[in-house]
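Peer 1: Have a look at this one before I ask anything.
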């Protein structure tokens, strides 16, 4: 079936049931009133209505229009009102295809508009503005707001100037740090979605170098709250309770000064270069790096330990086994050891290989059986290792187009090293693992920056 035929099928079912009158609210999934006209949507056509939205989303996407579901819903409702309140109802269904084509044409001709957003960011203090791709992380002040007014020929309200706007914005959002983002879309809702994605990308870039950071967009900000837990010892028949603060540690601001920016400048330049390219201009390795950056950034802001662990491993998978396949545990462990411990000895590579295999085994247990416990030191180690691996490969993002090319020419895997039995004193082996875990935990708390 064609898109038009699919849409017609759902539309006819909607038109047969939707009522041009107000019905009991309990029987409807939505009721709309506009310009004196009412439409009631009984629950029985809910599935057809949302399938119609999905079809419109596909149609607009194929036309190169990224329209929000909110706007598509508005367009569909306006369309249905026109049909249900048409003066000659006898012509509606016979001419249904003509109406469908007209609706598709409206979506196709929707023009994109540029929007400027000031998105509040919590727990981040900047000594200087940071430019990431075409966005900017800033400490808001009246002078900067004035510069925005001048640059974009805008005004922060009719009756207020930059100083008053600054006071209201910072007071209401409880922060002076904002992401300044320009997004282009056919409607405001979609533009806002894109703006939040851009702001999140900016923070993910910084999370690559600040893996213990708590900065988030305000929408994800969690305040410290009290929590009382009650428990019973069912064997001893005793009762207990505890009162504690939740999110007490999470809201420590991260301060980034000029010295810190200078240290990460080389990496920022590469990332900015990648983010400034169109999708079809990126090499496979560069695409994998941006995917890994997204997953690692998600892991950094995640509170739940198991999810944080899985997201970190996912970042490493995106980078080291982008094509998936079988035998992933062996492949990822060998490639990781070859990259992260390239300057190290064979015993260090072997140790890293075995540790990564064990970490990936924990991942498998969680994913495939819902079992597997993540210890704090295992989480610290995998976070540190993923962070280091991304930073290492980032330095080679402009030279090598694919991971295969990078591995063969820069970090060849010595298969024999990982296949031969490795004899190590049990005590020394255990001690090495404990020390490496502690070191990873310390480095994770301090952040990590690879230097060439």
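Values quoted throughout were computed directly from the atomic coordinates according to the rules given, and no laboratory measurement underlies them. What you see is a predicted model; the values in this text were computed from it and never measured.
Peer 1: State the percent of C-alpha pairs, over all pairs in the range 144-191, separated by a distance greater than 16 angstrom.
Peer 2: Summing the P(r) tail past 16 Å for the range 144-191 gives 52 percent.
Peer 1: How are the Cα pair distances of the chain distributed, in percent, across 10 Å bins from 0?
Peer 2: Per 10 Å bin, starting at zero, the Cα-Cα P(r) for the chain comes out as 4, 16, 21, 20, 19, 13, 5, 1, 0 percent.
Peer 1: Stick to the Cα atoms of the range 1-126, pair each with every other, and give me the Kirkwood hydrodynamic radius in Å at one decimal.
Peer 2: On the way: mean 1/r = 0.0617 Å⁻¹.
For the range 1-126, inverting the mean 1/r across all distinct Cα pairs yields 16.2 Å.
Peer 1: Can you show me the helix-derived [θ] at 222 nm for the chain, built from DSSP H runs with n ≥ 4 at -39,500 (n - 2.57) apiece and divided by the number of residues, rounded to the nearest 500.
Peer 2: That calculation yields -18000 deg cm²/dmol at 222 nm.
Peer 1: Next question, about the same structure. In degrees between 0 and 90, to the nearest 10, how far off the longest principal axis of the chain does helix 305-320 point, with axes built from Cα atoms?
Peer 2: Around 90 degrees separate the two axes.
Peer 1: Sticking with this structure for a sec: Please report the projected area of the range 214-353's Cα convex hull averaged over all directions, in nm².
Peer 2: So the Cα hull casts an average projection of 14.9 nm².
Peer 1: Rg and Dmax of the range 297-341, using alpha carbons, in Å: what are they?
Peer 2: In Å, with Rg to one decimal and Dmax whole: 11.6, 31.
Peer 1: Still on this structure, please answer the following. For the chain, what relative contact order do you get, as a whole percent, if you take Cα pairs closer than 8 Å and at least 6 residues apart?
Peer 2: Values: 585 pairs, mean separation 57.5, N = 452.
Over the chain, the number comes to 13 percent.
Peer 1: Based on alpha-carbon positions alone, could you give the equivalent ellipsoid semi-axes of the range 101-251 from the gyration tensor, as √(5λ), descending, whole Å?
Peer 2: 39, 23, 16
Peer 1: Per residue and in Å³, how big is the convex hull formed by the alpha-carbon atoms of the range 58-181?
Peer 2: Details: hull volume 21.5 nm³, N = 124.
Output value, Cα hull per residue: 174 Å³.
Peer 1: Relative to the longest principal axis of the chain, what angle (0 to 90°, nearest 10) does the C-alpha long axis of helix 376-394 take?
Peer 2: Between helix and principal axis, roughly 80 degrees.
Peer 1: If you don't mind, there's one more thing I want to ask. With the convex hull built on the Cα atoms of the range 164-244, state its orientation-averaged projected area in nm².
Peer 2: 9.7
Peer 1: If you don't mind, there's one more thing I want to ask. From the C-alpha coordinates alone, can you work out the Kirkwood hydrodynamic radius of the range 1-68, in Å?
Peer 2: One decimal place: 13.1 Å for the Kirkwood radius.
Peer 1: Rounded to the nearest Å, what's the spacing between the alpha carbon centres of the range 158-230 and the range 292-356? Just the number, please.
Peer 2: Rounded to whole Å, the Cα centres lie 30 Å apart.
Peer 1: Tell me the angle of helix 188-207 to the major Cα principal axis of the chain, expressed in degrees between 0 and 90 and rounded to the nearest ten.
Peer 2: Approximately 10 degrees, to the nearest ten.
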